[in-house]
1. Looking only at region 225-249, count every residue that is surrounded by fewer than 17 Cβ atoms within 10 Å (Cβ to Cβ) and modelled with pLDDT of 95 or more and tell me the total.
2. Could you pull out the residue among 154, 199 that is buried (at least 16 other Cβ atoms within 10 Å of the Cβ), at pLDDT 90 or above and more than 26 Å from residue 103 (Cα to Cα)?
3. Considering every residue within region 64-76, establish whether at least one is surrounded by fewer than 16 Cβ atoms within 10 Å (Cβ to Cβ), out of contact with any helix residue (DSSP H, G or I) (no Cβ under 6 Å at 6 or more places or on another chain) and part of a strand (DSSP E or B).
4. Would you be able to say whether some residue in region 287-295 is buried (at least 18 other Cβ atoms within 10 Å of the Cβ) and farther than 19 Å from residue 8 by Cβ?
5. So which residues in region 298-315 are under 15 Å from residue 12 (Cβ atoms) and surrounded by 12 or more Cβ atoms within 10 Å (Cβ to Cβ), if there are any at all?
6. Answer with yes or no whether residue 16 is assigned to a loop (DSSP other than H, G, I, E, B), farther than 25 Å from residue 313 by Cβ and in contact with a helix residue (DSSP H, G or I) (Cβ under 7 Å, 6 or more places away or on another chain).
7. Tell me, please, whether a residue that is outside the structural domain of residue 52 (by TED's automatic domain parsing) and within 24 Å of the chain's Cα centre (by Cα) can be found in region 138-153.
8. Identify all residues within region 63-83 that are under 20 Å from residue 6 (Cβ atoms) and out of contact with any strand residue (DSSP E or B) (no Cβ under 8 Å at 6 or more places or on another chain); write none if there are none.
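The values are calculated or read from the model by the stated rules, or taken from the named source; none is laboratory data. Keep in mind that this is a model prediction, so the values were computed, not measured. Positions of Cβ are generated from backbone atoms using ideal geometry, with glycine treated the same way; all protein chains shown enter the neighbour counts.
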């Protein structure tokens, strides 16, 4: 690998239920790869069923970095992911292996490869002030405050999008500048790798929807509701805790609160997962420079493996030229 200008890194992306884990495990057990999870839900400990984490046997065969790194009441960010991933990638490369980044959190992939804008860290005091405003007047009123100082950001947020409204207003209170202005500043990009970008996309979206329904049914059968009940007993969680906004857990919380039936939990959970897949596919369709494989093909793992072997060989030859 040393012959190339930058060492290789494999980026394996795809929507939920596209079979990324199975392909990643095949690659990691065939090539000198180490898997780094690119998933904003799998970072949480004890959230196993609803995040579709690989089971213990799979993790033994192909260990994953950045799974089970924080507790459900804690927060994780794209900036922290970028720092963690770059550190791991350097260590993996120093061991003579290839980083294999696998997941569906597209914001994390974007942050890793393209860098991040210089936005301030969260401030608990200011967040408490904003939450107090919302408790007293409601999030639409807080949204109106944001509109007065950052109309562009406010225009693309729903009046009850509490998480994003709070963050945008927090940034203004900390810096005196709008998020819109800060996002216009050039980003510092550091990604000293030659990426091999792969996307697993469905040739038939209806089949992907069937997979999503089957997987959500399997989660319910495996005990998603009971898992959430245990999490509520063990951790200090609220409905707006970041981990509880994950698809599946959000609907299960509504069910345990008595607001929806088990059947409604199933329907809403499947619908929300389909919406997530739609957003992921939209992002991937707008992205550039990736090689697409049909995730529904029986031999998709073999095809991806052969492609990567060819790309690695081409990098070695190119580096020697």
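1. Residues in region 225-249 being surrounded by fewer than 17 Cβ atoms within 10 Å (Cβ to Cβ) and modelled with pLDDT of 95 or more: 6 in total.
2. 154
3. Checking region 64-76: at least one residue is surrounded by fewer than 16 Cβ atoms within 10 Å (Cβ to Cβ), out of contact with any helix residue (DSSP H, G or I) (no Cβ under 6 Å at 6 or more places or on another chain) and part of a strand (DSSP E or B).
4. yes
5. Within region 298-315, 300, 301, 302, 303, 304, 305, 307, 308, 309, 311, 312 qualify.
6. Considered against the rule, which asks whether it is assigned to a loop (DSSP other than H, G, I, E, B), farther than 25 Å from residue 313 by Cβ and in contact with a helix residue (DSSP H, G or I) (Cβ under 7 Å, 6 or more places away or on another chain), residue 16 comes out as yes.
7. yes
8. Once the filter is applied, which keeps residues that are under 20 Å from residue 6 (Cβ atoms) and out of contact with any strand residue (DSSP E or B) (no Cβ under 8 Å at 6 or more places or on another chain), region 63-83 yields only 83.
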